[in-house]
Amino acid sequence: MDVEILSRIQFAFTVAFHYIYPPLSIGLGVVMVLMEGMYLRTKDPIYEKMTRFWIKIFALIFGIGVATGIVMEFEFGTNWAAYSRYVGDIFGSALAAEGIFAFALESGFLGILLFGWNRVGPKTHFFATLMVALGSMFSAVWIVVANSWQQTPAGFKIEGEGMHARAVVTDFWQMVFNPSSVDRLTHVLIGAFLAGAFLVLSVNAYYILRNRHVVIAKKAFKIALLVAGISSFAQLLSGHHSADGVAVNQPAKLAAFEGHYDSLAVADLYLFGWVNNSSQKVYGLKIPHGLTFLIHQDFNTPVTGLNAFKSEDRPGAVNFVFQTYHIMVIIGMLLILLSTIAGYYLYKKSLFEQQWLLQIFAWSVFLPQIANQLGWYSAEVGRQPWVVYGLLRTSDALSESVRAEQVWFSLILFTLVYLLLLTLFIYLLNKKIKHGYDEPINQKESIPNYSKRDNPLLDS
């Protein structure tokens, strides 16, 4: 493989591994705010114990997330020097804003969050929890802004020519609020809320099935289910609005999402399928003219297809983009279905008697993670061959001095180190979950032991 493909694989691997953790910390931060807010409101010690437990999990996720995120900044300089020179003014502004407004806020209050229980008052500690949660969201804001600028550049001008050309900010707020940033940020944050909520749902479903910490687990499950239910339906609306933006700003990407080749024709909406790029056909189950209706709210307005673009200006891996996009959508619908079924049984006051449903929730932690990863694959591979859409090609963004064998060596090394970090994370997470909540005295409840089977996530 050549340097470009290897560098893309290396960056994709490091980003994908890092992205396991930020969505969990963002989503878990929201759930912790609700838990501690309930403690302040009710003074029930159950909510204090609940919050203390999940703060420990949050600290573990935060630490691994910071460690895995540092590598990417070095890769900008080692593998993508031309890109760094071209977008340095843009990316530098966004990363500086992240450091000032987000990371400083999050890390500044983290000490109070972790060690302030017996040193500050309950309201002060709750304020620290709120600030850490907001700080984690602000980090996402600036990273998504920087990435969205690459998708839909705005608020800049090009200085210099040829290899010395670079983008310079002319309007900071126009750069921040570029045509795709708000839609994409909303989609990313809701995906993070789902990741954190389903982690809490999974762990507490495991406790209920094992007849452990039942009182606390039930209350925590209800809080997380509220976040999951609202977020799953909100994500459906956010995804639709984001796709409308893609149709306007990146029509080639949208065409790849649905395998739509005709230059200008009505487009079908596929529920699933397989794209044959050579024959330019999709084999699968479709809703005729469905994509046309979703974009234009009628069945007759044509949609721009891949053949409207030069072959060198459109995504090459159409089937890959098609599959990642559709699997993401399918998972999103599954999350809505799960949340709705659980909400129904909660309304009927029989949720925790549904052993089969709790078993599904014990596994459900993987679903938002997979959807979040696939969403980014769709967005980034669908943007190709551009690293800055319409301005800088990926092939022109590489470092001139990097050789293929060097990238191979670093990729293998990163893989080994990240596997070690993942093993450490799973071991520590499993240890904390197996230890469980420190329950208040006289707050235990006994229910029928539905199953002695452990959660496979915890016992694998």
Point-charge dipole on Cβ atoms (K/R +1, D/E -1) for the chain, about Cα centre, debye to 20
1880
I'd like the distance between the alpha-carbon centres of the range 394-425 and the range 1-58, rounded to an integer number of Å.
25
If you work out mean projected area of the Cα convex hull in nm² from the coordinates, which of (i) 26.5; (ii) 23.6; (iii) 28.2 do you get?
(ii)
Relative contact order computed over the range 253-376 (Cα-Cα under 8 Å; 6+ residues apart), in percent
25
Among the complete DSSP H segments of the chain, which ones combine at least 15 Å of alpha-carbon extent along their axis with a mean Kyte-Doolittle hydropathy of -1.0 or more?
3-18, 21-42, 45-78, 81-97, 104-115, 122-151, 181-209, 214-249, 318-347, 366-383, 404-435
Treat every Asp and Glu Cβ in the range 246-360 as -1 and every Lys and Arg Cβ as +1, leave all other atoms uncharged, and give the resulting dipole magnitude about the Cα centre to the nearest 20 debye.
240
So, in Å, what gap is there between the alpha-carbon centers of the range 281-322 and the range 220-265?
15
Run the numbers on the range 330-442 and let me know its relative contact order in percent, using alpha-carbon pairs under 8 Å that are six or more apart.
14
Output for the range 41-119: trypsin sites (Lys or Arg not before Pro) sitting in coil per DSSP, at most 14 other Cβ within 10 Å, listed by number, reads Lys43, Arg119
Suppose only helical runs count, i.e. DSSP H with n ≥ 4. What mean residue ellipticity at 222 nm does that imply for the chain under -39500 (n - 2.57) per run, divided by all residues and rounded to the nearest 500 deg cm²/dmol?
-23000 deg cm²/dmol
Given backbone amide H placed at 1.01 Å from N, residues whose amide H is under 5 Å from that of Trp274, ignoring those fewer than 5 places away on the same chain, are Tyr283, Gly284
Local charge sum around Ser139 (other residues, Cβ-Cβ under 12 Å, Lys/Arg +1, Asp/Glu -1)?
-2
Spatial separation of Cα centroids for the range 157-199 and the range 135-155, in angstrom
3
May I ask you to derive the relative contact order of the chain, considering only C-alpha pairs under 8 Å and at least 6 residues apart, and to give it as an integer percent?
21
Top positive-direction residue, dipole computed over the chain with Cβ charges, set Gly245, Leu113, Gly69:
Leu113
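Since every read-out is calculated from the coordinates, none of them should be taken as a lab result. As the structure is a prediction and not an experimental result, all values here were calculated from the model. As a convention, Cβ positions derive from the backbone with ideal geometry for all residues, glycine included, and neighbour counts pool all protein chains shown.
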